[in-house]
Amino acid sequence: MEVFSALLTALSLRSRPMSWYTPKLIVCLREGYSVRRLRQDVFAGLTVAVIALPLAMAFGIASLPENAIRELSAVHPMLTPPAVGLFTAIIAGFLISALGGSRVQIGGPTGAFVVIVYDVAARHGYAGLATATAMAGMLLVLFGICRFGAMIQFIPYPVTTGFTSGIAVLIASSQIKDFFGLDLVVDGLPAALPSDFLGKVQVLSAHAHTVAFWPSLVGMACLVLMLALRAYSPRIPFALIAVTLGALCVWLFELPVETIGSRFGGIPSSLPQPHLPAFSFELAREVFPDALTIALLGAIESLLSAVIADGMEGYRHKSDCELVGQGLANIASACCWGIPATGAIARTVANVKAGGHTPIAGIVHAVSLLAIMLVAAPLAAAVPLASLAAVLFIVAWNMSEIDHFRSLLRAPRSDVLVLLSTFLLTVFTDLTLAVGTGVVLASLLFIKRMAEVSSFAQISGMEGLAQDRQALEEEETATPDHTNMGDIQVFELNGPFFFGSADRLKSTLLRVARPPQVFILRMRHVPAMDATGLFALEELLGKCERSATQLLLCELQEQPRSALERAGMLDRLGAEHVIGSFEECLIAAQRLSSNGGSDL
């Protein structure tokens, strides 16, 4: 083990130019890896694999519509929806742990992706989904290389809560058919469940009379059992226990309940041959918005999961490295007949609670899933779809974050607007539009708030000096003549000077009856300035030049000074008109005023 650690240390030292991308696996092994820690990671990995097994199959089934299922089965009979979910958990789960930036992240298919994956596959087939997944992986790698990891945290909380709650509603509605064993028949032919929410409600309502007793009983029993086991001990793999008991009951009593085997033909006992996703510029153009949504959603969920794990473990993840690992994992998933994958919060938390400390636990989780698939694949054919629907009901409830949703309803009205807009758009339109609208709306409301806290007002010179009285007393320098302010006007800017607040400067100046000889603009409380603010100052300078008014700027902070310098405004003003302290500025203004406005 020590030799292995030394080898990885030597390899990592060769990549100093890309030191920001050093997977946590290498970091942990470089620190030293003991047999005791290996035992802990193996136990945690096995525990998480038991939890992930039914979830991977359930997410695979929920993510693929009929057209994608037919497309996959035409390629090879082994490419069934539950198998696709397992392939993703094994391949992407392995790579996310091996190449990512978190010590304990567990990756795989997640509930957050179900809705967007189903929608993309319904519109473009599996070929379009694979292309979108690969493109999303490339975008994630690009995000990591461009060091966007820290920027993902700026997605507002009402937006993430709104779309995750909306996704929960869509997941739950998509599982009603299998949970109650509804027989969807239209004009004598089997009908698929529509991808849109209103279409689902309409079809499910029209076929409510076809509720079957035995699937409903099996689904309800599994749901109650999972809730009871979770209440007794959250560390128990309640989903696997419920699914296994459900399968046993259906098999022993030969119950008329649809299973994985009866609908899909079972699960293969080997991994598929890799392939390159079908690519065309036309298809890439069509699925690019979906790929961007998948990339953003994957980045948000994986980094949120990593942050939660950091809080439990006491370590810090490397967000940019994590994005690169997630991206490479999604590219590999697309090439191995998988679906999008990301860090799974619930499985990551379970990994930490089970004693996982390094990425070895995540690798063991993926290898264990592969071993289970190789050995026990035939047994999975007996799993009732009603049991997997019950598992997804639990997933949907956990995703809904109902307590957080309710608390946000008591937040400021602007946040409530963002929350409800994102939630309703997720449910009734699509996730791409919902996330985009939520972020734009939250940004506009933030700009409005920042504009409201920004101010531009006229003050007297003595009022400004009173605020600096202590500084004046401590310095043995010349002070302004309190009795001779002359034709001087002082204005103070407060807050960011950007496009949301620049108009206040213009409107305030319009109310100035007569241009003064000297115009002082105090900017001590202006932390930042954008191009619109620069343009407003340039307009002010032009007006001052036309009216023979001397413009003085004082107490510039670093960013505004740098912005003015890059724009050439400081050269145009002259160094003597940009003054460090307010009292010095007043002295210079009095000198200018007494000279009739001529230069210093």
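Label sites at Glu401 and Arg561, each approximated as a point 7 angstrom past Cα along Cα to Cβ, lie 4.1 nm apart.
Given R₀ = 35 Å, what would the calculated FRET efficiency be for Thr210 paired with Ala376, taking r from the Cβ atoms and rounding to 0.05? Working from the Cβ atoms, E equals 0.60. Separation of the range 361-395 and the range 144-164, taken as the distance between their Cα centroids, equals 31 angstrom. Of all DSSP-defined beta bridges confined to the chain, some 40% are antiparallel rather than parallel. Taken along the Cα-to-beta-carbon direction at a fixed 7 Å, the label points for Phe279 and Ser233 span 5.0 nm.
If you take the square roots of the eigenvalues of the alpha-carbon gyration tensor of the range 34-445 and sort them as a ≥ b ≥ c, do you get rounded (a/c under 1.5), prolate (a/b over b/c) or oblate?
Here the range 34-445 falls in the rounded category.
At an R0 of 41 angstrom, the distance between the Cβ atoms of Ser547 and Leu433 translates into a FRET efficiency of 0.25. Neighbours of Leu534 by Cβ distance under 13 Å: Lys/Arg scored +1, Asp/Glu scored -1, total -1.
Under a Cβ-Cβ cut-off of 13 Å, what is the net charge of the residues other than Phe197 that fall near it, where Lys and Arg count +1 and Asp and Glu count -1? Net charge in that neighbourhood comes out at -2. Structural descriptor for the chain: relative contact order 21 percent, calculated from alpha carbon pairs under 8 angstrom and at least 6 residues apart. Take each peptide in 269-279, 533-543, 215-225, count the other Cβ atoms within 10 Å of every residue, and average; sorted highest first, the result is 215-225, 533-543, 269-279. As a calculated quantity, the FRET efficiency between Glu539 and Leu444 at R0 = 22 Å, using C-beta atoms, amounts to about 0.35. Full extension of the chain between Met220 and Leu245 gives 7.7 nm of extra length, using 0.36 nm per residue less the Cα-Cα distance.
Sort 70-76, 205-211, 417-423, 339-345 by the packing proxy (mean of other Cβ within 10 Å over each peptide's residues), most packed first.
339-345, 417-423, 70-76, 205-211
A simple spin-label model places pseudo-atoms 7 Å from Cα toward Cβ; at Glu254 and Val75 they are separated by 3.8 nm. Applying a 4.7 Å Cβ-Cβ cutoff to the chain leaves Cys28, Cys146, Cys222, Cys249, Cys321, Cys335, Cys336, Cys544 as cysteine residues with no disulfide-compatible partner.
Every number in this text was worked out from the coordinates using simple rules, so none of it is lab data. Please read all numbers here as calculations on a predicted model, not as lab measurements. Glycine also receives a Cβ, built like all others from the backbone with ideal geometry; neighbour counts cover every protein chain displayed.
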